[in-house]
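Trainee: So that we are looking at the same thing, I have put the structure below in structure tokens.
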Amino acid sequence: PEDSSKYTCDNGNEQTAATLTVEAAPVTFVKALRNLELQEGGTAHLSCEVSKPDVPVEWKKGTSVIRSSHKCSIQQEGKVHTLVIRDLNRADA
């Protein structure tokens, strides 16, 4: 998108110009979440990958937004986003 602009070609006698508009490509999931079955007391690592680096994502359980806490940590490395849930219990399902 930052390449969008008016471009000109000038031969010394004449000039021609055009406007270039570049639309941002949508962010898509390259690697989707997978279902997990784990033991109570264990740790879950849920990861997904998006098509662009440094794009924020929002983690939810049902309709509730998950925030980092002593129980859950949210990590991002480039395009990969990971939610870690520690000390699993039935309420985490």
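Trainee: Against the condition touching an Asp or Glu at 6+ places or on another chain (Cβ under 9 Å) and surrounded by 12 or more Cβ atoms within 10 Å (Cβ to Cβ), how does ILE85 come out, does it pass? Let's see the steps before the verdict.
Mentor: Numbers: touching an Asp or Glu at 6+ places or on another chain (Cβ under 9 Å): yes; surrounded by 12 or more Cβ atoms within 10 Å (Cβ to Cβ): yes.
For ILE85, the condition - touching an Asp or Glu at 6+ places or on another chain (Cβ under 9 Å) and surrounded by 12 or more Cβ atoms within 10 Å (Cβ to Cβ) - is met.
To keep it simple, each residue is scored yes or no on (1) closer than 20 Å to ASP92 by Cβ; (2) at pLDDT below 95; (3) more than 22 Å from the chain's Cα centre (by Cα).
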site: THR16; (1), (2), (3): no, no, yes
site: LYS31; (1), (2), (3): no, no, no
site: GLN39; (1), (2), (3): yes, no, yes
site: GLU49; (1), (2), (3): no, no, no
site: PRO53; (1), (2), (3): no, yes, no
site: LYS61; (1), (2), (3): yes, no, no
site: CYS72; (1), (2), (3): yes, no, no
site: GLN75; (1), (2), (3): yes, no, no
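Trainee: Find all pairs meeting these conditions: Cβ atoms under 7 angstrom apart; at least six residues apart or on different chains; first residue within the stretch 10-25 and under 30 Å from VAL50 (Cα atoms); second residue surrounded by 10 or more Cβ atoms within 10 Å (Cβ to Cβ).
Mentor: Pairs that qualify, where the first residue is under 30 Å from VAL50 (Cα atoms) and the partner is surrounded by 10 or more Cβ atoms within 10 Å (Cβ to Cβ), are LEU20/SER4; LEU20/SER5; LEU20/TYR7; THR21/SER4; VAL22/SER4.
The values are calculated or read from the model by the stated rules, or taken from the named source; none is laboratory data. If you're wondering where the values come from, they're calculated on a predicted model, not measured in any experiment. Neighbour counts are summed over all protein chains in view; Cβ atoms, including those assigned to glycine, are modelled from backbone coordinates with ideal geometry.
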